Amino acid sequence: MTSRPAGARSIDEILAAARSRLTRVTPGDAFAEFCTGATLIDIRSAGQRAADGEIPGSVIVERNHLEWRFDPAADARLPWVHGYDMRLLVICSEGYTSSLAAAALHDLGLGRSTDVIGGYRAWAAAGLPTQGGMGGRVVPPCAGGLRGVVPPG
């Protein structure tokens, strides 16, 4: 089949629709929110995290588990996920998959969710805290440690 079926949308259209529902944040703004209580969710794969590094204090929930772990009504939710008013900042590698994921969180009723523009690559390029990866670089987290980050339980 070479013609698009009726009702089908391109990934560019799907991405634009998802982003139209979000107020996306820069890495610097995400870091500031993270340091004052927002939850930063890293949805990258284990292979991406091993190669590129991680963000200290972020919650790692790979993309294929996200809705189940953050739906306040789901039995599979993380034990500390209660209510719909959480500020969730989703980060992926470059800021594409995270937009789709944040829109999915909106669909669950988590309307304060958004994603980080440019993803982990933009975060690291901005000199924000990272650890591990092939470069082995470690940057100290927020002054006084990361606050408001509840570790997965």
Given a Förster distance of 22 Å, the FRET efficiency implied by the Cβ-Cβ spacing of residue 94 and residue 11, rounded to the nearest 0.05, works out to 0.95
Nearest 10, in degrees from 0 to 90: the angle of helix 11-20 to the longest Cα principal axis of the chain is 60
Cα-based Rg then Dmax for the chain, in Å, read 15.8, 58
Scanning the chain, every Cys lacking a C-beta partner under 4.7 angstrom -> 92
Taking only Cα atoms of region 10-69, the Rg to Rh ratio with Kirkwood Rh works out at 1.00
Note, region 115-120: 3J(HN,Hα) by Karplus (6.51, -1.76, 1.60, θ = phi - 60°), whole Hz, Gly/Pro = x, goes 10, 9, 4, x, x, 4
If one builds a Gaussian network model of the chain from Cα atoms under 10 Å apart, the most fluctuating residue listed among 92, 142, 35 is 142
Along the dipole axis of the chain (charges at Cβ: +1 for Lys and Arg, -1 for Asp and Glu; origin at the Cα centre), the most positive-end residue among 72, 2, 104 is 2
Mean accessible area per residue over region 53-130 (1.4 angstrom probe, all protein chains present, square angstrom) is 40
Length gained if residue 125 through residue 21 is fully extended, taking 0.36 nm per residue and subtracting the Cα-Cα distance, is 34.8 nm
Taking every DSSP bridge whose two residues both lie in the chain, the antiparallel percent to the nearest 5 is 10
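The values are calculated or read from the model by the stated rules, or taken from the named source; none is laboratory data. What you are looking at is a predicted structure, and each value in this text was computed from that prediction instead of being measured. Every residue, glycine among them, receives a Cβ derived from its backbone with ideal geometry; neighbour counts consider all protein chains shown. Note: areas computed on protein heavy atoms with side chains; ligands, DNA, RNA excluded. Shrake-Rupley method; radii C 1.70, N 1.55, O 1.52, S 1.80 Å.
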